[in-house]
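Here the structure is laid out as structure tokens; the discussion comes afterwards.
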Amino acid sequence: MAAVTLQPAAGAQGELTGILMIRAYHRSRGDLERTEVLVPDSAHGTNPATTSMAGFRTVNVPSAPDGGVDLDAFRAVLGPRTAAVMITNPSTLGLFEPRIGELIELVHAAGGLAYMDGANLNAIMGRFKPGEAGFDAMHFNVHKTFSTPHGGGGPGAGPVGVGPKLVPFLPTPRVLREPDGTFRLERPGERPSSIGRLRSFVGNTGVLVRAYAYILAHGRDLALVSEDAVLAANYLKHRLAVDGSYDIPFERPCKHEFVAQAKTLHRETGIRTLDVAKRLIDYGFHPPTIYFPLTVEEAMLIEPTETESLETLDAFADALVAIAREARETPDLVRGAPHTAPVRRLDEAAAARKPNLRWQPLTGRETPCPD
Amino acid sequence: MGYAPHTHDDRRRMLEALGIESVDALFADIPPELRSSPLRLSPPLPEQSVAARLERLAARNRTDLASFLGAGAYRHWTPPLVDQILLRGEWYTAYTPYQPEVSQGTLQSIYEFQSLIAELTGLDVVSASHYDGAAATAEAALMACRASGRDRILVSRAVHPQYRETLRTYAAGAGVAVDEVPVVGEGPAAGTTDRTALERALADSARPPAGLIAAQPNFFGLLEPMAELGAAIHAAGGLFVAVVEPVSLAVLAPPGAYGADIAAGEGQPLGIPLSYGGPYLGLLACTNALVRQIPGRLVGQTTDLDGRRAFVMTLRAREQDIRRERAASNICTNQALLALAAAVYLAALGPHGLRDVAAGSAARAAALERALTEVGVERLFPGPYFDEFVVRVPEAPAVHRRLLDHGVLAGLPLALVEPDDPLLADGLLVCATEVTTDEEIELFAWALGEVLGAAAPRRQPTTAGAGGGR
Ligand SMILES: Cc1ncc(COP(=O)(O)O)c(C=O)c1O
């Protein structure tokens, strides 16, 4: 990429930054007819939500049976109204988008720009550079790739890289290097073509310093991080495929994550993905993301990452296999899970029906500041 | 130094199981013509070299100054227990507490955060964090538009300039018009929102406003007549958005009490260290009537199958992962760990402690004003303020630079952020909080007197206030 902004506070804000820059790009050329952004149906929910926030209409593009974008369907919706396509790569199915070159070429030929949701950069470092492939913008999540832990939901940071066309529109302030080698921030109003600010100050600096330290510590071995993450995901997928208790919808190599399904298991035993996930808790594992992507029935999206040892990977596979056996032999044990957590399954319907979102003093005697 | 745990033997066993020679086979699906050029990065660095390199960079930041800088982020004393609790690994585990059975600690901490901020703001619904005060303010504006079905927002020019810039960015995407309401130029209300101009803006019936955004205290540190501003926008059928500073809420009226429908603000003063702008904490709260419009996570109390009290994310149908293009916002990752810091800070201080911090800050700011008056430097705006105020200093940016040589970070010259506003050309925004020492104030006043060539007070102070704190 030609330039990067570190300002966005998370991936979703990075997406908004990217799509607003694309909007500014088309407007700067007087091209006001481009009101649509194409989003594959397997995309993360932030992609269509971002599209709306940036004032575009989302046009959903169906996936082909191989998990990639359906090229014919893509061609059918592509046109003079297309501002951009947002492609998650690797996709939320954990697959490298097989027709990525064609997609980028087609959208460019139609006058639109190509945005890559690079939240999952951790799968492809050293193997694929979105800028070289022709993407015009991408965000990446430092909280998925550069070691920032999630504190139960954040903080992270969502830097955005852009190709030459979008550099003039980068958020302000940029950090500029002066001829004498010193650095300064852009002054307010210094670059009128900018889309403006996305937040106060300059970004989630503390998080970015951590990411920088992680990058320095790995150097060119960052490629090894991706290799190990991909190797671990494929190994785990292979173990489950060999066992056969769960459906593995896509046979080809996955990247950092893969989809497994409890589809057959559900049909044969009545045990659903939700039950499997809850039972994993009893085996000492945090369940994977479930029922996502929305396009896959009874989905489990399993991402081992590069940091789990082979012993842990094997233990996780063994647990899933054991749960499938339980589903046939002692289904109530699975249905009632978890049995070892501080609480059992929750009444989520009651929580939504009559929301209790804050503590309320009961008697008035707890009035916080009596004087 | 890497952090990958696999041994060569582990890798070989995995490759063997997969029946392949090398991991290259797993990347064969990347079209050959699109495969990457090599990473132009240096070899891995040992951890101590990384630390040394970052320490060298850090040393080029001046942290020895007596700081009077506020302008949106504030120095306060943080009890060490806040960081101790934050360091516990249990908080770092899961990405999002989607599995409530194993996330009760995180979920309860979020519920307590919501409760504490609700108590402070007087508003019942609190979202479990946004990116920062500016983004939360922009989200509040979009909320007002959704709730009212209108597409024009009024914002006082006494709202933080970076918040207004952020608002404009978000509004451009959403097709929302942003009209700024000027501030009063002179007289007792100088520096606060101009209510005559507001009435004029409200009278534009062609495009009725979705809401009005005003800040308390405002960017210049001044107190605004929030009840009157709220009444004016309500009369025009719009919502009132209050941008608040949370510590001040221990002594000022809460937004819920003066009729605000939404409160937004920067939560950094609540136990979060200054860190060049982030990670901080976006606060967003609203009345019960707006609960389905608020973006971001909400945690609710419920029971488990055995009737035990338990906590869970709720009203999820507002969120992007379910609603997609019809979601209230695209927010997903938030600032949860910082929300935890705020909750621990508030719980540790309690209502009396927080009031001490607020009153202490106001008292130190008053002491600062007295010291600056002694060297002939007057306030630009006369109205009441909280812990921050503007003084008139001709050529403020140059004076600010020269004060650095005296070891003083003299707040913010307003010309740097509002270059086009003649009213602010000589304005210097300065701040003091409960951690500002007498020595720091003396140094500032003495040095400012020196730089301005005014009659200096008795003697040069002996101690500089290296970074403040205790
Ligand atoms: C593929 C993808 N895109 C976008 C996002 C949004 O990023 P964030 O949660 O940092 O806003 C995520 C993660 O949540 C993701 O997995």
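The values are calculated or read from the model by the stated rules, or taken from the named source; none is laboratory data. Since this is a predicted model, take the numbers as computed values, not measurements. Positions of Cβ are generated from backbone atoms using ideal geometry, with glycine treated the same way; all protein chains shown enter the neighbour counts. With ligands, DNA and RNA removed, areas are computed over all heavy atoms of the protein, side chains included. Shrake-Rupley method; radii C 1.70, N 1.55, O 1.52, S 1.80 Å.
Side notes on the structure shown:
- Of interest is the spacing of the C-alpha centroids, which for segment B:329-370 and segment A:300-359 amounts to 37 Å.
- Per-residue mean of C-beta atoms belonging to partner chains within 10 Å, peptide B:14-20: 4
- Length-normalised contact order of segment B:80-344 in % [C-alpha pairs under 8 Å, at least 6 apart]: 27
- Across all Cα atoms of segment A:222-331, the radius of gyration (one decimal) and Dmax (whole number) stand at 13.3, 45 Å.
- Axis of helix B:133-148 versus longest Cα principal axis of chain B: the two differ by about 90°, to the nearest ten degrees.
- Only alpha carbons enter this Debye calculation for segment A:88-171, each as an equal point scatterer, and the log10 of I(q)/I(0) it gives at q = 0.15 Å⁻¹ is -0.59.
- Of A:Trp359, B:Trp91, the residue with the largest accessible area leads and the full order is A:Trp359, B:Trp91 (1.4 Å probe).
- Distance from the C-alpha centroid of segment A:46-101 to that of segment B:230-287: 38 Å, rounded to the whole angstrom.
- Taken over segment B:80-344, the ratio of Cα radius of gyration to 2.2 N^0.38 Å equals 1.01.
- The mean of 1/r over all pairs of different alpha-carbon atoms in chain A, once inverted, gives a Kirkwood hydrodynamic radius of 22.8 Å.
- Amide H partners (placed H, <5 Å) of A:Arg57, local residues excluded: A:Glu36, A:Val37
- Across A:Glu257, A:Glu190, A:Glu105, mean-square fluctuation computed from a Gaussian network of chain A (C-alpha pairs under 10 Å connected) peaks at A:Glu190.
- Over segment B:207-344, all Cα pairs binned in 10 Å intervals from 0 give whole-percent P(r) values of 11, 32, 36, 19, 3, 0, listed from short to long.
- For segment A:80-143, carbon and sulfur atoms together expose 53% of the accessible surface, with a 1.4 angstrom probe and every protein chain in place.
- Student exercise, segment B:80-344 dipole from Lys, Arg, Asp, Glu Cβ charges, in Debye to nearest 20: 620
- Angle in degrees between helix B:438-452 and the longest Cα principal axis of chain B, rounded to the nearest 10: 60
- Debye intensity ratio in log₁₀ form over the Cα atoms of segment A:197-280, taken at each q of 0.18, 0.21 Å⁻¹: -0.84, -0.96
- B/A buried area, accessible surface, summed, 1.4 Å probe, Å²: 10100
- Counting only DSSP beta bridges whose two residues both lie in the protein assembly as shown, roughly 55 percent are antiparallel.
- Where the protein assembly as shown is the region considered: accessible area per residue in Å², 1.4 Å probe: 38
- At the listed q of 0.12 Å⁻¹, the Debye profile of segment A:3-203, built from one uniform point per Cα, gives log10 I(q)/I(0) equal to -0.58.
- Relative frequency of Cα-Cα separations exceeding 38 Å in chain B, percent: 35
- In chain B, the longest principal axis of the Cα atoms and the axis of helix B:226-235 are about 70 degrees apart.
- Entries in A:Lys165/A:Lys255; A:Lys129/A:Lys278; A:Lys263/A:Lys354; A:Lys144/A:Lys278; A:Lys144/A:Lys354 that, when Cα-Cα distance is taken, lie over 28 Å: A:Lys165/A:Lys255; A:Lys129/A:Lys278; A:Lys263/A:Lys354; A:Lys144/A:Lys354
- Choice from A:Gly196, A:Gly153, A:Gly126 with maximal GNM fluctuation in chain A (Cα, 10 Å cutoff): A:Gly153
- Using C-alpha pairs below 8 Å separated by at least 6 residues, the relative contact order for segment A:222-331 is 30 percent.
- Taking the 1.4 Å solvent-accessible surface of chain B as the whole, the part contributed by carbon and sulfur is 54%.
- Here segment B:222-302 was treated as a single set of alpha-carbon atoms; its pair distances binned every 10 Å from 0 give 16, 42, 32, 10, 0 percent.
- Sorting the segments A:325-335, B:229-239 by their residues' average number of neighbouring beta-carbon atoms within 10 angstrom, most packed first, yields B:229-239, A:325-335.
- Normalised by the number of residues in chain A, the average gap of Cα pairs under 8 Å and 6 or more apart makes the relative contact order 16 percent.
- Alpha-carbon geometry of the protein assembly as shown: the Rg and the Dmax are 27.6, 91 Å, given in that order.
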